[in-house]
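The values are calculated or read from the model by the stated rules, or taken from the named source; none is laboratory data. Just so it is clear, the model here is predicted, and its values are computed rather than measured. Please note: Cβ atoms are built from the backbone with ideal geometry, for glycine as well, and neighbour counts cover all protein chains shown.
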Amino acid sequence: MVSLEDRSAVVALFKRGLSVSSISKSLKLHRVQVHRVIKRLEETGEITNRPRGRPQRSARTPALLKAVRDKVTRNPARSIRKLAKEHNVSYTTMHRLIRDDLKLHPYKFAKGHQLTDEMKTSRLEKCRRMVTLTRGDKLDRILFTDEKIFTVEPLQNAQNQLELLPKGSQRAVNIGRTHFPQSLMTLSTMLDLMPLYNCAG
């Protein structure tokens with residue numbers, strides 16, 4: 001990069017009528033550098049550095065940001081691809097708008113046990129009864145049990161479990177499913193002041 005001092009010297013010699021080759025030899029600069037300084041002087045009338053920085057946004061405008069925010073507020077389950085298609089922008093632009101501007105992240109739906117208010121009240125009452133019984137020494141021993149069913153049928157993750165095969169080849173492995181696969185139930189019990197007892201059957 002040519003310094004401001006060298007650019008000033010190039011302009012001074014150019015105004016005195018020297019050629020590009022003469023200026024290049026005199027200042028020990030490349031001909032291309034001298035030519036660029038003279039060209040900038042002729043086009044802009046200046047030799048100072050041009051302002052640098054990011055270009056102005058052309059797609060992620062405040063209007064687009066407001067429109068997408070309103071849609072996501074009404075329905076958070078909106079698809080990023082559909083939003084990009086509706087507003088005629090690329091998927092990358094819409095993804096950056098949601099991630100960087102709106103500070104949102106797409107989360108998958110998670111399954112969980114549903115508890116109604118009635119079920120919560122019932123469980124709370126049962127827990128209080130158990131606490132009362134344990135405080136009054138009305139229970140000499142407390143038996144904790146847990147059971148688990150293991151099936152011999154393999155689990156398949158349709159999203160992350162893949163096969164690397166040549167293009168156009170048939171699937172090498174097919175995972176079958178049955179309504180009633182063979183299973184094994186294990187029952188574990190734990191009693192206070194008693195060794196662990198495991199019953200499998």
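Going through the range 12-26 one residue at a time, which ones are surrounded by fewer than 16 Cβ atoms within 10 Å (Cβ to Cβ) and at negative phi?
Answer for the range 12-26, where residues must be surrounded by fewer than 16 Cβ atoms within 10 Å (Cβ to Cβ) and at negative phi: A12, K15, R16, S19, S21, S22, K25, S26.
For the range 99-113: of the residues being assigned to a loop (DSSP other than H, G, I, E, B) and of a type outside the set (A, V, I, L, M, F, W, C), which is modelled with the highest pLDDT?
Checking each candidate, the answer is K103.
Given the options T134, T93, name the one that is among the hydroxyl-bearing types (S, T, Y), over 30 Å from E5 (Cα atoms), at pLDDT 85 or above and not assigned by TED's automatic domain parsing to the domain that holds I23.
Checking each option against the conditions leaves just T93.
State all residues of the range 72-98 that are under 19 Å from the mean Cα position of the chain (by Cα), part of a helix (DSSP H, G or I) and of a type outside the set (A, V, I, L, M); if no residue qualifies, say none.
R81, K82, Y91, T92, T93, H95, R96
State which residue pairs qualify: first residue over 12 Å from R36 (Cα atoms) and at pLDDT 85 or above and inside the range 1-25, second residue in a helix (DSSP H, G or I) and of a type in the set (F, W, Y) in any location, beta carbons under 7 Å apart, and separation of 6 or more residues or different chains.
I23/F14
In the range 27-70, which residue that is surrounded by 13 or more Cβ atoms within 10 Å (Cβ to Cβ) and small (G, A, S) is modelled with the highest pLDDT?
Here the answer is A67.
Within the range 98-139, how many residues are in contact with a helix residue (DSSP H, G or I) (Cβ under 9 Å, 6 or more places away or on another chain) and closer than 30 Å to K66 by Cβ?
Of the residues in that region, 6 qualify.
Within the range 76-89, track down each residue that is at pLDDT 90 or above and surrounded by fewer than 11 Cβ atoms within 10 Å (Cβ to Cβ).
N88
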